[in-house]
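All remarks here apply to the structure that follows.
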Amino acid sequence: MHPRLALHFDLTPRHAATDADSAFLAACVAWLGLDQGQRLSWDTPSNHTLDGGRILRWAPYRHEGSALADIVVHAPDPLDRSLQWSTHVTYVVTTSASGTQQRQVNIRVGTEGGAPNGAPPPVRPPRLLSELDAAFTLVSNDGPLQRVPTQLEAGTLDAFVRFVLCDPARTMPVLLLTELPDGGYVLPPEQFAAEMFGLGLCFQLRHSDTFALSDAVGGHARSVFLGSARAYLPGFTLESDPFQHPLVLARALALPGERRRLVQRLAEVSVQRPFSDPAIADTLRDLRAASYGARPDATEALAAAESGVEMDKGRLIGIVRQLEEAVRAAEGELSRTRERLSETRQQLDQERASARALRTTLAAHKERQPIAKPASDAPQSVLEAVERAQALYGDAIRILPSAFTSSKESEFPDPDTAWSYLKALGEVGRRRQDRALGRPLGEVFADLGVDYSPGPSDPSRKTPYVFRDGDREVECADQLRKGSNPATCLRIYFASTEDGGFVIGHVGRQIDTIGK
């Protein structure tokens, strides 16, 4: 398991009348998107198979003022079928001798598998944090999280730098967003704080006060100004290497891709902070295991029923409840067995893909060397060409699940040409991201020997080139074309992204057009 994100917070109910355990449960239900038949309960464990191939395990336990809940979610990556995400949430409640309760939540996100030469998968703050924030104040080692950045004042900047930025005990990054010279921000401070929520402590600074900040941090190199944002990582000093504390200039801050890179860097910092579950968590897990291990014995109830002997009503109700719990546990085990069967079926496809993956890895290494590519390096299918493009150009092109599906079904007879087209798209995407293109796409692709056709210029014209990207739809109307037979030709339908790269929705046969 490769760690991707590690967060730890104390939870303080916002209102004294809040039923904290119920509020935590409701936040988890909202985060997971459970329907009425998949409710969670503090009384019993459960297992669910959720939409998108997610697998959920819920293991609660409460005992004499203490509580423990482990939530584990396994989910396949929507783009890389060999990559699996795992999210483990631990909720612990302890009660002191005075009756005061302390609540903590630990969140760990990790991955397994994936293309060995692929770009690191993007990490986002789990939506559970925003759901918890509705009922709790989330408190880190460095203070509470805020949904609105804290406004800094010129008179407090020296103290802010000395006691916050340069605090050697600080464990959370400090994110500082500055105002544009003409007023306003590149993006609303609330949006910036929401995108970074849980990964750092957010502050904002007026343009007129950025000069005082530069003086306080010892010069412009470690400062931030002109609408830019900076992440001051733990360990910052007035002698720190400024390149170790990410600066996002205003023009880049407007691009979602640049903000995703900042989130990725903050996530990397989070896994470097050592923390563990409270000591009582292991004790509660042992008690929970003993409680789950108890199995109801219905022999006594069956014998009484057969002999006509009446049983105490309370004992009978207790046995029935135990039986109900056993049935739920059996249903969970059946669900896990079905999941294992599904995984076993998928292993056949994975084994068949292993040879392609090895060839892709070899090609990825050789593509970076000035040698002629042997014929044996040619992809064996259009799907393999797409997988190779994902491995080599994951920084410049994003391939939607629909493109993998269409490439698997493609009857295009020349996978090497498909690879050359995808390679051209990746190289052009990188040049656009580096602002090094300088010419229209049609001319650039023509120089590369690729037939390019832009999408319709009329935004009101209805097109069939719409593809699913998670919970939204993306129109990919631009095309790279090869061949004229609709069934056996090659069509790559794509669209430009805000960071200069491309998103690919389809690789394969021609999609039938429709009228206006």
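Tabulated values for the structure
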| quantity | calculated |
| --- | --- |
| Förster radius 51 Å - calculated FRET efficiency between ASP182 and SER381 (Cβ-Cβ, nearest 0.05) | 0.40 |
| Spin-label pair VAL139/ILE317, simplified geometry with 7 Å Cα→Cβ offset, distance in nm | 4.0 |
| Additional length obtainable on full extension of the chain from ASP451 to THR488, 0.36 nm per residue less Cα span | 11.7 nm |
| Distance-filtered residues of the range 183-206 - backbone nitrogen under 15 Å, label point 7 angstrom along ALA254 Cα→Cβ | 183-188 |
| Accessible solvent surface per residue of the range 1-104, calculated while the other protein chains remain in place, 1.4 angstrom probe, Å² | 46 |
| Distance in nm between pseudo-label sites at ASP215 and SER276 (7 Å out along the Cβ direction from Cα) | 4.8 |
| Solvent-accessible area, 1.4 Å probe, carbon plus sulfur percent, for the range 97-189 | 52 |
| Sparse-neighbourhood loop sites, trypsin sites (Lys or Arg not before Pro) in the range 173-236 - DSSP loop, at most 16 other Cβ within 10 angstrom | ARG206 |
| Full-stretch length increase - ALA75, LYS408 - with 0.36 nm per residue and alpha-carbon distance subtracted | 117.7 nm |
| Accessible area per residue, Å², the range 122-208 with all protein chains present, probe 1.4 Å | 43 |
| Rounded FRET efficiency, nearest 0.05, which uses the C-beta distance separating LEU287 from ALA97 and R0 of 25 Å | 0.80 |
| Cleavage-rule hits (GluC sites (Glu not before Pro)) in the range 206-268: DSSP loop, at most 14 neighbouring Cβ within 10 angstrom | GLU239 |
| Approximate shape of the range 10-156 as ellipsoid semi-axes (Cα gyration tensor, √5λ), whole Å, largest first | 29, 24, 14 |
| Extension gain, ASP10 back to ALA159 (0.36 nm per residue minus Cα-Cα distance, nm) | 51.0 nm |
| Computed FRET value (nearest 0.05) for ASP512 with LEU226, which takes r as the C-beta separation and R₀ as 45 Å | 0.35 |
| Summed side-chain charge close to LEU32 - residues other than LEU32 whose Cβ falls under 11 Å, Lys, Arg +1, Asp, Glu -1 | 0 |
| At most 13 other Cβ within 10 Å, DSSP loop - GluC sites (Glu not before Pro), the range 47-140 | GLU64 |
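The values are calculated or read from the model by the stated rules, or taken from the named source; none is laboratory data. Computed from a prediction, not measured in an experiment: that's the story for all the values here. Methodologically, a virtual Cβ is constructed for each residue, glycine included, from the backbone with ideal geometry; neighbour enumeration extends over all protein chains shown. Surface accessibility is based on the protein's heavy atoms, side chains included, excluding ligands, DNA and RNA. Shrake-Rupley method; radii C 1.70, N 1.55, O 1.52, S 1.80 Å.
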